[in-house]
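Okay, structure first, notes after.
We did not get these values from a lab; they are worked out from the coordinates using the rules stated. These figures come from a predicted structure and were not determined experimentally. Heads up, the Cβs are rebuilt from the backbone with ideal geometry, glycines too, and the neighbour counts pull from every protein chain shown.
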Amino acid sequence: MRIFVVDAFTDRPFGGNPAAVVLLDRVVDAAWMQRLAAEMKHSETAFVRERLAACAYDVRVNDPFKGVELVRAFADPAAGRHSLQIEVDRALYMDQKTLEKLPGFARLQSDLAALVKAVAGYVRACV
């Protein structure tokens, strides 16, 4: 297995957020990705992506928005402060004309609360 480390969200070497990239010839489970991320001591976007996909959400990474400015503004990896940006389609939880909550609001709220708890556990396991 070959592992590449890339500097994400930056235009200079050793800046931004380091990300481990592994080209796989098979699907791996979340536990495997967690072990890889812990070994590499990098945040793992795939962990969050897989959690949301398991809840049947359509998940895209850096599409259509790149999220660079928020990550750049609030993250400081050298100081141990990392950033995660998640953009949620409003059509999942509200009527955009009336601003009324849709029936999907409670489910999304619950799924995001579970995601935050899982990410916190993931971070504790990697530290």
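Here are the numbers for this structure:
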quantity	calculated
Packing rank of 80-89, 95-104, 45-54, where each peptide gets the mean count of other beta carbons within 10 Å, highest leading	45-54, 80-89, 95-104
FRET efficiency estimate (nearest 0.05) - Cβ-Cβ, T10 to K97, R0 41 angstrom	0.55
Cβ-defined net charge surrounding G15, 10 Å radius [Lys, Arg +1; Asp, Glu -1]	0
R72 paired with W32, simple spin-label distance in nm, labels 7 Å along Cα-to-beta-carbon	3.5 nm
Theoretical FRET efficiency, 1/(1+(r/R0)^6), r = Cβ-Cβ of A106 and D58, R0 30 Å, to 0.05	0.95
At R0 = 30 Å, FRET efficiency that the Cβ-Cβ distance of V88 and V21 yields, to 0.05	0.70
